[in-house]
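The values are calculated or read from the model by the stated rules, or taken from the named source; none is laboratory data. Owing to the predicted nature of the structure, the values given are computational and were not obtained by experimental measurement. Methodologically, a virtual Cβ is constructed for each residue, glycine included, from the backbone with ideal geometry; neighbour enumeration extends over all protein chains shown. Keep in mind that these areas ignore ligands, DNA and RNA; they rest on the heavy atoms of the full protein, side chains included. Shrake-Rupley method; radii C 1.70, N 1.55, O 1.52, S 1.80 Å.
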Amino acid sequence: FYTALYHCFVHPSLAGDVDGKYRGRDFKVHQANGFTPYTVFSLWDTFRGLHPLFTIIEQKRTTDIINTFLQQHKESGRLPIWELSANETNCMIGFHSVSVVSDAMAKNIGGYDKNAIYDAMRAAATYTSWSIPTFNQNNYLQIDDESESVSKTLEYAYDNWCIAQIAKKLNKKLDYDTYIKRAQAYKNVYDKKTGFMRPRKNRNWLSPFEPREVNNHYTEANSWQYSFFAPQDISGLINLMGGEKQFEQKLDDLFSAKSETEGRTQVDITGLIGQYAHGNEPSHHMTYLYNYVGKPNKTQEKVYQILTKFYKNDPDGLIGNEDCGQMSAWYVLSSMGFYQV
């Protein structure tokens, strides 16, 4: 537990000198006024568990991080996606800085310009790369629009939901209506016939289809590992899959399926229980979904299994990549008995 807690505090790390000077995203030297600048934002990983943990135990640091986001937006015109030492690496997908901000604002953590950060969030949702405009127009992506189209559709939908929550808080009704509609886009890549999130081509489903196949339509994962990603609308996902009994059965099938994947070799997919992959982030909320169908005992059983089998006090004590604290944040939160789906 304490090793995991220590790991949670390694990144994001301080970006400035003792006098408050730091190199910005425009590569010029700036003076930080009223906040401490940070760097190393592995946001595709850390929006899931590390930043929610910080909103509980590191509220001042959370405020500093959001002010850093805001400053980076002023310097480069963009919120960070995966920022490293003043460089945007453009690594991974989504624009999950909006998740970090929404979570903090929902918990009434302040100390930053709410209107300015909201404008920066809106700008992230209209960025012209990675087929974001196509997603905004069609409410899903097809394989000819973008690689990893299924994962991007699902994660863009979630990010738009995050912005919708802030629009609601700031009484921007028209904006709210726009973003909350996009948040439902996950339904457009769900194939009721197979029961999986599936790639589309020419408005049809891509065939052949194998949910265990690791391919170019998902991010470091397969369809099993992305078919449960709609954290913004769990009840909607349950209904989409046929109701509570069917959803519980689908989770049972996830954890009891054969652990082999097909397609390309993906070193990130480790820590398999069936097709659940604890060694990579898209799976991290799944054990907690049993709670939504009234089966907390199944959540408890799986969480205990992961805590005791996949973490140990050895140099190779993690089942996957630490990813700047996310693997350890899952352990810390789950040890305390909750996880923010």
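Give the separation of the Cα centroids, the stretch 275-340 to the stretch 179-254, in Å.
So the separation of the two Cα centres works out to 21 Å.
Diagonalise the Cα gyration tensor of the stretch 164-254 and give the resulting equivalent ellipsoid semi-axes, square root of 5 times each eigenvalue, largest first, whole Å.
Values: eigenvalues 146, 57, 28 Å².
After diagonalising the Cα gyration tensor, the semi-axes are 27, 17, 12 Å.
Convex hull over the alpha-carbon atoms of the stretch 83-132: what's its volume per residue in Å³?
Numbers: hull volume 5.1 nm³, N = 50.
Spread over its residues, the Cα hull of the stretch 83-132 gives 101 Å³ apiece.
Could you check the spin-label model distance between residue 246 and residue 181? Points 7 Å from the Cα along Cα→Cβ, value in nm.
According to this spin-label approximation, the distance is 2.7 nm.
May I ask you to order 43-51, 258-266, 175-183 by the average number of other C-beta atoms within 10 Å around their residues, highest value first? Walk me through the numbers on the way to the answer.
Details: 43-51: 25.8, 258-266: 12.3, 175-183: 18.2.
Packing proxy ranking, top to bottom: 43-51, 175-183, 258-266.
Which order do the peptides 229-242, 203-216 take when ranked by the mean count of other beta-carbon atoms within 10 Å per residue, highest first? Please list the in-between numbers first.
Numbers: 229-242: 18.1, 203-216: 13.8.
Most protected by this proxy first, the peptides run 229-242, 203-216.
Restricting attention to the stretch 268-319, which trypsin sites (Lys or Arg not before Pro) occupy a DSSP loop and are surrounded by at most 15 other Cβ atoms within 10 Å? Intermediate results must be reported in sequence, preceding the final value.
Working: sites: 298, 302, 309, 312; in loops: 312.
Passing sites in the stretch 268-319 are 312.
Which percent of the accessible area of the stretch 184-302 is formed by carbon and sulfur heavy atoms (probe 1.4 angstrom)?
45 percent
Which of the peptides 61-69, 191-199 is most tightly packed, and how do the rest follow, judged by the mean count of other Cβ atoms within 10 Å per residue? Don't skip to the answer; put the middle values down first.
On the way: 61-69: 22.3, 191-199: 17.4.
Peptide ranking by packing, descending: 61-69, 191-199.
Scan (1) 18.2; (2) 24.6; (3) 16.9 for the value of mean projected area of the Cα convex hull in nm² calculated from this model and give just the label.
Read-out taken from this structure: (3).
Probe of 1.4 angstrom, ligands and nucleic acids ignored: what's the accessible area per residue over the chain, in square angstrom? Working shown, then result.
Values: 14530 Å² over 341 residues.
I get 43 Å² per residue for the chain.
With respect to the cross-link table entries 168/302; 173/298; 172/250; 187/295; 114/201; 114/187, which display a Cα-Cα separation exceeding 28 Å?
Values: 168/302 36 Å; 173/298 39 Å; 172/250 38 Å; 187/295 24 Å; 114/201 40 Å; 114/187 31 Å.
In this structure, 168/302; 173/298; 172/250; 114/201; 114/187 lie more than 28 Å apart at Cα.
In the chain, what percentage of the DSSP-assigned beta bridges are antiparallel, given to the nearest 5? List each step's numbers first, then the result.
Values: 16 of 18 bridges.
Close to 90 percent.
Counting only helical runs of four or more DSSP H residues, what would the 222 nm mean residue ellipticity of the chain come to if each run contributes -39,500 (n - 2.57) and the total is spread over all its residues?
-12500 deg cm²/dmol
Could you check how much of the accessible area of the stretch 1-153 is carbon and sulfur, as a whole percent, using a 1.4 Å probe? Display every interim value, and only then the final one.
On the way: 3150 of 6310 Å².
Its accessible area is 50 percent carbon and sulfur atoms.
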